[in-house]
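Following: one structure in structure tokens, then a few remarks.
The values are calculated or read from the model by the stated rules, or taken from the named source; none is laboratory data. Keep in mind it's a predicted model, so treat the numbers as computed, not measured. No Cβ is skipped: glycine too gets one built from the backbone with ideal geometry, and neighbour counts run over all protein chains shown. To get the accessible areas, we keep the full protein, side chains included, count just its heavy atoms, and leave off ligands, DNA and RNA. Shrake-Rupley method; radii C 1.70, N 1.55, O 1.52, S 1.80 Å.
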Amino acid sequence: MGSDSLMKDIAKRVFDIEIESLQHVAGLIDDEFTKTVEAILKATGKLVVIGIGKSGLIGKKIAATLASTGTPSFFLHPGEAFHGDLGMVGSNDIVMLISYSGETDEVLRIIPFLNWNKNLVIGVTGNPNSTVAKNSHHHLNIKIAREACPLELAPTSSTTAALVMGDALAVALMECRDFKQHDFARFHPGGSLGRKLLVKVKDLMRTDKLPFISEEASFTELLLAMSAGRLGMVMVGDERGIKGIVTDGDLRRALLKHPDTATLTVAEIMTQDPIIIDGDEFASQAELLMMEKKVTTLLVGSAENKTISGVYQIYNL
């Protein structure tokens, strides 16, 4: 078993080699990249990504990234394609062939069909003179300096280069389409980002058994109302109009200043002009507002009329 310092040296060496290779590939980017982006933007069909082995795994990630960032895309295994799944490829689709050597048999067998089907082909290889490159309308060169594998056998730097080239395409397409957060959220409705950017405050706010109390209420009544509400706060007034809010933080600060609770009034404890947000605002806006104001609770309703329809807390996000 190697020493700790030896293992760290190996890890750093791998990083250095792969960074060196990425810098080399970055220097190879030319007009073909721009033409590829323009072709994808003009396409009326989907982008079909094909590759096998390690290139296939990278192809799956590229297709997934493109699909989630505004470019309809899916991965097609060349073996399955050759046995019937080529029917999934329409004539208006663009096909991306990933093969570092550009001579992978399973990928080459697909080319005659693509020519017959009149598909625009994008080749991603490390050899501009390869069969894949020569049969592509646009070629993205991912020729690396060297693999990180000490035997120069296992795809390491080459697969990283293909992956980053895919990311570069995705980002370029995003910027060309002016792809925004709300667009991303539409494709990720089940994630936390989709929840924040698509769901509105009124969809998440609490509306039942909201804790209200009058200014004349006793300290004991205040405690009972706060405990019953289970929100860590009570509102002073009612749904038709409030004058303030009392949070558990307000209570603690009041008790430190006035140990004799018998003399305390709700008016003395409450925070006037609490923050009120409209129920039609998105959850993302509510989160930003809470972060800005350093609070965990927002009242939902009309800030102008001080009417309340619900309570929204950071725990609802």
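Of all residues in the stretch 223-244, those satisfying the criterion of being outside any helix (DSSP H, G or I) and within 16 Å of Arg206 (Cα to Cα) are Arg230, Leu231, Gly232, Met233, Val234, Met235, Asp238, Glu239.
In summary, no helices (runs of 4 or more DSSP H) completely within the stretch 56-175 bear 3 or more residues that are within 24 Å of Asp16 (Cβ to Cβ). Can you confirm whether Leu231 is open to solvent by less than 60 Å² (accessible area, probe 1.4 Å) and either in contact with a Cys (Cβ under 6 Å, 6 or more places away or on another chain) or at pLDDT 85 or above (or both)? So Leu231 passes the test.
Number of residues in the stretch 101-127 that are open to solvent by 70 Å² or more (accessible area, probe 1.4 Å) and under 19 Å from Ser157 (Cβ atoms) equals 1.
Which residue is nearest to the chain's Cα centre (by Cα), if the candidates are limited to the stretch 274-297 and must be in a strand (DSSP E or B) and more than 10 Å from Val201 (Cα to Cα)? So the residue we want is Thr297. Remark: Phe179 matches the filter, which requires a residue to be under 30 Å from the mean Cα position of the chain (by Cα), modelled with pLDDT under 90, crowded, with 16+ Cβ neighbours inside 10 Å and in a loop (DSSP other than H, G, I, E, B). Go through the stretch 59-92 and report how many residues are open to solvent by less than 20 Å² (accessible area, probe 1.4 Å), in contact with a Ser or Thr (Cβ under 9 Å, 6 or more places away or on another chain) and farther than 16 Å from Leu169 by Cβ. Final tally of qualifying residues: 1.
Please tell me if Leu251 is crowded, with 19+ Cβ neighbours inside 10 Å, under 40 Å from the mean Cα position of the chain (by Cα) and farther than 22 Å from Leu204 by Cα. Criteria met by Leu251.
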